[in-house]
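The values are calculated or read from the model by the stated rules, or taken from the named source; none is laboratory data. Quantities reported herein were computed from a predicted structural model and do not represent experimental measurements. Cβ atoms come from the backbone with ideal geometry, glycine included; neighbour counts cover every protein chain shown.
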Amino acid sequence: MKDRRLEGKVAIVTGAGTIGNGIGNGKASAIVYARAGASVLAGDIDLAAAEDTRRIIEAEGGRCVALEVDVARSADCRLMIDACIDSFGKLDVLHNNVGITASGGPAEFEEEAWDRMMNVNVKSMFLTAKYALPHMEWRGRGSSVNIASIGAVRAAPFPKVAYAASKGAVVALTRDIAVQYAARGIRCNVIPPGLIRAPIIEHNDLARYGGDIEAIWKKRDAMSPTGKQGEP
């Protein structure tokens, strides 16, 4: 029996495309929401990637609208919420998956790269909440899911100061929204994934391992308590 607990619901998934081939966390989430019965707005800065997610969902009989959106921009976030309501009439779930990563400590990390990390990983979730929460509050219900990282609470074996700080901020942002909106029928939760075998890792870390993707997977598997990293 299929899980249809989200029948009749509407979900926005940001970062619903995938860099490169395969399926990353955002794409997987969008597909699973649709399989559970939700209509999905798949937002991504790469429209072609979002469209690929839409095609998969529609091939399985689901409903999906793909939208090009830069969630670090206020105008784009407002447009995304409006597009969702125009397309489906409401918004039940806001799933903030967008995130970037980079390595380095405070001495070597560039200021511009720090600002971009904070804009994409943290400011984006503030902006999507800014425009989504009033609609949820008007309806008296809703759910926001923010994707952080185990890096918010545990140090990596190599410096990732900006990434760790940004994901720690996501945890704090989620906590404050959850407390403020709990009595208004709106839940806000954070998910901090551990190590996941996703295409974005190959895209970002391949050079560090001399182009050897298998070396990346072996290293990350060895860092996982089970001896194997997760799958999207």
Worksheet item: Only one of (1) free of Cβ contacts under 8 Å to residues at least 60 places away in the same chain; (2) buried (at least 21 other Cβ atoms within 10 Å of the Cβ); (3) not small (Gly, Ala, Ser) fails for residue 98. Which number is that?
Response: (1)
Fill in: Residue pairs meeting the criteria (Cβ under 6 Å; at least 6 apart or on separate chains; first touching a residue at least 24 places away in the same chain (Cβ under 8 Å), in segment 52-63; second among the aromatic types (Phe, Trp, Tyr) and surrounded by fewer than 19 Cβ atoms within 10 Å (Cβ to Cβ))
none
Worksheet item: Out of (1) in the same structural domain as residue 18 (by TED's automatic domain parsing); (2) under 20 Å from residue 71 (Cβ atoms), what's the single condition that is false for residue 232?
Response: (1)
Worksheet item: When the residues of segment 42-90 are filtered to those that are of a type in the set (D, E, K, R) and in contact with a Ser or Thr (Cβ under 8 Å, 6 or more places away or on another chain), which remaining residue is nearest to residue 132 (Cα to Cα)?
Response: 44
Item to complete: Could you identify the single residue in 166, 149 that is buried (at least 18 other Cβ atoms within 10 Å of the Cβ), modelled with pLDDT under 95 and under 17 Å from the mean Cα position of the chain (by Cα)?
Response: 149
Worksheet item: What is the one condition in (1) touching a Lys or Arg at 6+ places or on another chain (Cβ under 9 Å); (2) of a type outside the set (Lys, Arg); (3) within 28 Å of residue 192 (Cβ to Cβ) that residue 65 does not satisfy?
Response: (3)
Worksheet item: If you go through segment 175-190 one residue at a time, how many are surrounded by 15 or more Cβ atoms within 10 Å (Cβ to Cβ), out of contact with any Ser or Thr (no Cβ under 8 Å at 6 or more places or on another chain) and among the β-branched types (Val, Ile, Thr)?
Response: 0
Practice prompt. For residues that are assigned to a helix (DSSP H, G or I) and free of Cβ contacts under 8 Å to residues at least 12 places away in the same chain, tally how many sit in segment 124-164.
Written response: 2
Fill in: Residue count for segment 1-26, restricted to those that are within 18 Å of residue 99 (Cβ to Cβ) and either at pLDDT below 95 or in contact with a Pro (Cβ under 6 Å, 6 or more places away or on another chain) (or both)
9
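For every residue, the table says whether it meets (1) surrounded by 16 or more Cβ atoms within 10 Å (Cβ to Cβ); (2) outside any helix (DSSP H, G or I); (3) outside the structural domain of residue 119 (by TED's automatic domain parsing).
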residue	(1), (2), (3)
2	no, yes, yes
18	yes, yes, no
26	yes, no, no
32	yes, no, no
37	yes, yes, no
40	yes, yes, no
58	no, no, no
61	no, yes, no
Discussion item. Need the failing condition index for residue 85 against (1) out of contact with any Phe, Trp or Tyr (no Cβ under 9 Å at 6 or more places or on another chain); (2) in a strand (DSSP E or B), just the number.
Written reply: (2)
Worksheet item: Does residue 113 fit the bill of being part of a helix (DSSP H, G or I), touching a residue at least 40 places away in the same chain (Cβ under 8 Å), surrounded by fewer than 15 Cβ atoms within 10 Å (Cβ to Cβ) and of a type outside the set (Ser, Thr, Tyr)?
Response: yes
Practice prompt. Considering every residue within segment 5-16, establish whether at least one is among the small types (Gly, Ala, Ser), under 24 Å from residue 186 (Cβ atoms) and surrounded by fewer than 19 Cβ atoms within 10 Å (Cβ to Cβ).
Written response: yes
